[in-house]
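Below: one structure, written as structure tokens.
Bear in mind these aren't lab numbers, they're just calculated from the coordinates by the rules spelled out. Since the structure is predicted, the reported quantities are computational estimates derived from the model, not experimental observations. Methodologically, a virtual Cβ is constructed for each residue, glycine included, from the backbone with ideal geometry; neighbour enumeration extends over all protein chains shown.
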Amino acid sequence: MDIYPEIKRSEIMSKISGKNTKPEMDIRKFLFSKGFRYRIDDNRYPGRPDIVLPKFKTSIFIHGCFWHAHPGCKAATLPTTRSAFWEKKINNNKLRDERNIEELRKNGWNVITIWQCEIKNMASRKNRLEKLLLEITDKSFNSENSNDH
Ligand SMILES: [Zn+2]
């Protein structure tokens, strides 16, 4: 049955379901191993964050660079064919992401986006996950985002 090589298959899966792809599982496992408890795909929150840490009022999105237009990322390059179609589609995704993040932040949530290119290989993933711990636990780390007074 498995006619696709690993990478291709997870790409296809993420296009179909957008959920439960391998990078997400790795991040969940990592957080769990550090003692964090979380909810997944919680649709009570704007944008249905991939991971929600209620105790830290933190929500985490794990975004594919292409579908969510990672700024300045090579993997976010639009195809040259049907470029108007792709531009519109990706731009809609981007606007929706921005709205969801804004909505969450307005409600006092710490919002973290992890890009797929940041966790592609072991070395970069290790760095990203270490930074993630800080982003979750150290409020001052995200102080530029907090505007609740
Ligand atoms: Zn990227």
Centre separation in Å (Cα based) which lies between the stretch 113-135 and the stretch 58-74: 12 Å
Estimated FRET transfer efficiency (Ile40, Thr81; beta-carbon r; R0 35 Å; 0.05): 0.50
Cα-projected label distance for Asp138 with Lys29, points at 7 Å along beta-carbon direction, nm: 2.7 nm
